[in-house]
Amino acid sequence: MQEYKMLIDGKWVSAKSGKTRDITDPANGDLLAKVPESNSEDAKLAIEAARRAFDSGEWRKTSAQARGKLLFKVSQAIMNHFDKFVEMEVRDCGKPRREAEFDVTDAANCFEYYGGLATKIHGQTMQTPDGSVSLIVREPIGVCGQIVPWNYPLLMSCWKLAPALAAGNCLVLKPSELTPLSALELGKIFTEVGFPPGVVNIITGPGAGAGEELASNPLVDKVAFTGGTVTGKKVMENATHNIKNVTLELGGKNPILVFEDCNFESAVDWTLFAAFANQGEVCSAGSRLLVQKSIHRKFVDELVKRVPRIKLGHGLAEGVLMGPLVSAAHRDKVESYIKIGLAEGAKLLCGGKRPEGAEYAKGNFVEPTIFDHVTPNMRIAREEIFGPVLSVIPFETEEEAIALANDSEYGLAAGVFTSNLTRGHRVINQLRAGITWINNYHPTYNEMPWGGYKQSGIGRELGLFGIEAYLETKQINIWMDDNPIGWY
Ligand code: TXE
């Protein structure tokens, strides 16, 4: 068991109240660490430190080359501590080792990508009608509050930190109170590689208090949030006090459209991965399977046949492919949706309960669950469950599939399975979603924009769009005539 402090103004400090929170392993309840339980008072100190660091100009005037090189060092340091980060992510949030290995590699690559982009930020020159020399320059936004969820603690932190720092911003990051450990370890890297004090501040604590302060404090210029849609709305409301720049990455109820002309074997594989990777605790999880009636029975039978291959257990144990849910409270939420599905008349094909056996007794496990004969108005077809629960809805025609797919308040991700590439494009073109795949599901690229339509969010992370989200735009007009204008 380790006791952590949080990073404010280059120093490792406790919460002003002296309070701490126990961080436990969701697979067995083991106590992993104690972390400071900050509140709005601590958040204010962190914000003020970031404000001073930004206003001093030290970081934003550091050359892009030097900023980029520091980001490369962070990338390298993450890889140097690869095993530590993998184990920490598994223990802190419950994911299987194989998935944590992907996350840590991606996190390091994210810093490398934005380290490279730091030197590619550039403006434009414009021709104006009166002959002025007009320039458009890009500048950092200022102080950023960054609020991160518990399902990809390290990766989501890096998606926010790397572009903000490449662009020259100073920031306060708050990981989820459930999974703060990898962000605090990352904090050690920032001090080691030589970031000036106050540029990166990392506070731990709950949304009420610390998170709300980041969203509402007038010294913060931008708030970037990933989490549930209900919380996202509160963040947006709080950000109105000083008209903050806001980026939101929220929930999804993402459709997978499987047509009868798909590559059957491959579509079955990807569907299971879409629904059950990271225990289904993924904003882009494929949680609604729309499958053409002609292959519905065969497809669903094959899914159910393969589900027993998904071995549950502690993410560090050999061969485990699905871990526990992040907390007992979250398991309660997922189980309540299973009850709702049964009460609504959906047909439970597999799962729907906790696995039996002593090894599961102290963890928040739920078996991979598939509901068939789901109708579009059922709550399990409309609401984000954020667990290993797949809802199957059959369809007859392409038009019907598109209408069903778009019949959601969300618009984050979608996948289409067909051997007919024309159909694939035709369907994708009509889907209201920001992240789409044809004949696969889930691959995510640091180079490609991530974000959703409708209530799945505002703005994009990653890629060139991700750095845009941390830049202001200034016009500079230079008058070329020294004579007075003689207006008055
Ligand atoms: O997340 P919250 P919760 C969905 C998923 C889940 C539901 C609730 O459906 O069941 O959200 O999960 C901080 N002001 N997603 O309650 O509340 C909080 O401390 C500022 C989807 O665990 O969204 C944490 O750091 N911040 C999702 C972060 O917000 C606040 C990932 C996320 O917590 C705050 C996670 C406030 N008022 C859950 N309240 C995705 N899109 O990937 C909380 N926070």
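The values are calculated or read from the model by the stated rules, or taken from the named source; none is laboratory data. Predicted, not measured: the structure shown is a model, and the values here were computed from it. Cβ coordinates were reconstructed from backbone atoms using ideal geometry, including for glycine residues, and neighbour counts include every protein chain displayed. Side chains included, ligands, DNA and RNA excluded: accessible areas come from the protein's heavy atoms. Shrake-Rupley method; radii C 1.70, N 1.55, O 1.52, S 1.80 Å.
Okay, here's what the table says:
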| quantity | calculated |
| --- | --- |
| Nearest 10 degrees, 0 to 90: helix 421-430 Cα axis against the chain principal axis | 60 |
| Amide H partners (placed H, <5 Å) of residue 251, local residues excluded | 229 |
| Net +/- balance of residues flanking residue 468 in space, Cβ distance below 13 Å, scoring K and R +1, D and E -1 | +1 |
| Separation between Cα centres of region 458-488 and region 189-237, rounded to whole Å | 27 |
| Per residue value of the accessible surface for region 157-299 (all protein chains in place, 1.4 Å probe), Å² | 26 |
| Degrees between helix 229-239 axis and first principal axis of the chain (Cα, 0 to 90, nearest 10) | 10 |
| Degrees separating the helix 181-193 axis from the principal Cα axis of the chain, which is the longest one | 30 |
| Phi to ³J(HN,Hα) by Karplus 6.51 cos²θ - 1.76 cosθ + 1.60 over region 85-91, Hz, x for Gly, Pro | 5, 4, 4, 5, 5, 4, 5 |
| Gap separating the Cα centres of region 110-167 and region 244-302, nearest whole Å | 32 |
| Interchain or long-range residues, amide H under 5 Å from residue 395's placed H | 291, 292, 293 |
| Packing rank of 335-348, 430-443, 457-470, 144-157, where each peptide gets the mean count of other beta carbons within 10 Å, highest leading | 144-157, 457-470, 430-443, 335-348 |
| Residues of region 328-377: accessible area per residue with a 1.4 Å probe, Å² | 51 |
| Taking the chain and dividing mean pair separation by its residue count, relative contact order in percent (alpha carbons under 8 Å, at least six apart) | 18 |
| Sulfur and carbon atoms: percent of accessible area, the chain [1.4 Å] | 53 |
| In order through region 271-282: 3J(HN,Hα) via Karplus (6.51 cos²θ - 1.76 cosθ + 1.60), integer Hz, x for Gly, Pro | 4, 5, 5, 4, 7, 10, 4, 6, 6, x, 8, 9 |
| Theoretical ellipticity at 222 nm over the chain - DSSP helices of four or more residues, -39500 (n - 2.57) apiece, nearest 500 | -11500 deg cm²/dmol |
| For region 198-215, Karplus couplings with θ = phi - 60° (6.51, -1.76, 1.60), whole Hz, Gly/Pro x | x, 5, 10, 10, 10, 10, 10, x, x, x, 5, x, 5, x, 4, 4, 4, 6 |
| Amide H partners (placed H, <5 Å) of residue 456, local residues excluded | 411 |
| Size of electric dipole in the chain: Cβ of Lys, Arg +1 and of Asp, Glu -1, about Cα centre, debye, nearest 20 | 340 |
| Residue (of 241, 263, 76) at the positive-pole extreme of the chain, dipole from beta-carbon charges | 241 |
| Whole-Å distance, taken between Cα centres, linking region 61-91 and region 381-404 | 39 |
